[in-house]
Amino acid sequence: MVFDPANSLPYLVSGIFTSIGLIVLIISYIKGIKRIKNWIIAISFHNLSLYVRFVDNGFYNDKYSIIHILLSGVALPIFIYISLNYYLAEFPQNQKNERKKLIKYVIFSIAIVLIYILILNLISDEIPDITTIILYPIFMGLIFANQLHFRLSKEKQTPTHLSMVIILMLIGLDIFLTILDAFIPHEIINFRRLFEIGVGIGILFFGFNIFFENKLLDYYTKLKQQNQLLKQTQDQLISQTQLSSIQIIAGGFAHDFNNILTSIIGNISLIEDYPIFQEEGKEFIDDLTAASFQAKNMVNQLLVFSKGEEFLNKEIIEFTDIIEITTKFTMRGRKSRPIFDIDKDLWSIYGDPIQISQIIQNLVINADQAMSEGGIIELKAHNVELEVNNQFQLNPGKYIHFCIIDSGLGIPQNIQEKIFSPFFTTKREGKGFGLSICKKIIEDHNGYMGFHTTIGKGTEFYFYAPAKEKITQESKKQDSLKEQFSGSALILDDNFLVLRVIENLFKILGMTAISSSESTTFLSTYKNIIERGEDVDLLIVDLTLPGDFGGKAIIEKIRDINPNAYVVVSSGYSDDFVMKNYRDYGFNDFLRKPFNKEELVKVLKKCFEKKSR
């Protein structure tokens, strides 16, 4: 038994390279790269076959070649399995076209090998032995596996993937030359041994690729996440900019529309006391009043959308109107249908109408979204009286109990505790503020909010809000008829219709009103009156005057003329910071447009009460 180094050493060198690559792969697997398990198995069989071949060619003159060929044959199905996995991850197997392509690849691989065998038989009279015949299906399988890898998209063609292709190609070329070796004299193709070393180097390269690529992949993943986060932030900034523009437009529209409503509601206040409208015309006045206040509440919806921060401007509000108008406004274009169960003599609420409206709006939207195919939304409101030590830990007294019920899937048990938490949402594009804001508003109104839910049946959200005795329209009307004042007022507003209706309201209340649409004229008129030793009981200034300085800038000039002037700021921008903090800016009171006679009377009462002290 003589050692043949020329015929065996290439396999030893290839085996050593392959072993090093295999060790690196095993280390990578231990460190958590589980996807290379099949590669480790396949390369282990291939590595074993190289050492068997080294011994066989070096000492036994290729006597046991069938052993190393069979070992290589075991590795082949694993290589094909790996290739199929990569392929099917991108092209699902259940697609009819892809199944046809797989069959086509198999037929193509078989055809290539058959043509190759036919050519070899034509150019040589040699009869291949059994070992050469076994190599035929191995060669076919390698061609098939490579075709699958070449189909992958460029995104999947990483260095690791390319090294897989190189390994399969080198093994394929080695088998190609091994088969050719059976038909052509050895002297012509002895250089095929170089491919054995090439395969070993390829596997070594593949092992280190896996090892370092995993670290690079982690870095790339983090970088990709950061880029996605940056893009999301950019998209949010764009959306916020667009939203801010829409909010400005909505706020501007609300301001202009409130000026129009001030004229409409003010004029209704002027004519409703006329005898003709106390009899047969009363129905028309009532319809006009209802329509104008419906329009007022629709504008409030725009203000809910356009305002940037929460505030409380409490007043006695008709909760029945808030429920019905807000719900009908919110339900436009939605699949669900609301039904109402409201006490006829439902008490009023002392609160911020815009914020109470926002609660109804959010709860109605949630109820509708809970029923993907639409359904019935029940809205109930009843008068209740809570006793001392009630379960909600609220002060005893009169409350309105409101609830909204849907027939959706209910709220899962594992998220019920988080339902009112800020930033928590189950909606794909939700922000997680809706319910938390609703609860905060109710608590700011000294109330309580909660929910009941049944999985598969639906959810009920409810709240208790402190109530006020309902003041009837008739009693309010009698009060307004009795109110009479004397004195004078000075008005600044850029809208002619608003000026006219305010002048007439003061007139029927027994006062004289001087109006101006320009700030310089307004100030000079007031200064002249004060210099003559006369007085003006009340000044009403519009907060915003296009192309002119409005209430915020004019208050200092008014105080320079008369530090004790009683100044009321008025605006259709009811959520403006100055309106919310009017006293901090030197104003004595505010009028939120649109306002009627009763609201003007409230301001006058406070004005004259202060002057009488």
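The values are calculated or read from the model by the stated rules, or taken from the named source; none is laboratory data. What you see is a predicted model, and the numbers here were worked out from it, not measured in a lab. Please note: Cβ atoms are built from the backbone with ideal geometry, for glycine as well, and neighbour counts cover all protein chains shown. These accessible areas exclude ligands, DNA and RNA; they are computed on the full protein's heavy atoms, side chains included. Shrake-Rupley method; radii C 1.70, N 1.55, O 1.52, S 1.80 Å.
For this structure, a couple of remarks:
- Look at (1) within 16 Å of Pro466 (Cα to Cα); (2) under 35 Å from the mean Cα position of the chain (by Cα) and you find that Gly374 fails only one, number (1).
- Among residues of the stretch 585-613 that are within 17 Å of Ala513 (Cβ to Cβ), those with a beta-carbon under 6 Å from a residue that is open to solvent by less than 10 Å² (accessible area, probe 1.4 Å) and in a loop (DSSP other than H, G, I, E, B) at least six positions away or on a different chain give the pairs Lys593/Gly572.
- The stretch 375-392 - residue that is acidic (Asp, Glu) and farther than 26 Å from Leu409 by Cα and, of those, surrounded by the most Cβ atoms within 10 Å (Cβ to Cβ): Glu385
Table: residues versus (1) open to solvent by less than 50 Å² (accessible area, probe 1.4 Å); (2) among the polar types (S, T, N, Q); (3) assigned to a loop (DSSP other than H, G, I, E, B).
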| position | (1), (2), (3) |
| --- | --- |
| Val578 | yes, no, no |
| Asp584 | no, no, no |
| Leu591 | yes, no, no |
| Pro594 | yes, no, yes |
| Glu599 | yes, no, no |
| Lys602 | no, no, no |
| Cys607 | yes, no, no |
| Lys610 | no, no, no |
| Arg613 | no, no, yes |
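- Candidate set: the stretch 450-477, residues that are open to solvent by 80 Å² or more (accessible area, probe 1.4 Å) and closer than 30 Å to Leu509 by Cα; chosen: the one modelled with the highest pLDDT: Lys468
- In the set (1) farther than 23 Å from Lys593 by Cβ; (2) outside any helix (DSSP H, G or I), the condition left unmet by Asn528 is number (2).
- Pick from the stretch 502-512, criterion surrounded by fewer than 20 Cβ atoms within 10 Å (Cβ to Cβ) and touching a residue at least 24 places away in the same chain (Cβ under 8 Å), ranking: farthest from Leu604 (Cα to Cα): Asn504
- Residue match in the stretch 323-331 (condition: in contact with a His (Cβ under 7 Å, 6 or more places away or on another chain) and part of a loop (DSSP other than H, G, I, E, B)): no
- One residue from Leu435, Leu409 being out of contact with any Asp or Glu (no Cβ under 6 Å at 6 or more places or on another chain), part of a helix (DSSP H, G or I) and either open to solvent by 20 Å² or more (accessible area, probe 1.4 Å) or modelled with pLDDT under 85 (or both): Leu435
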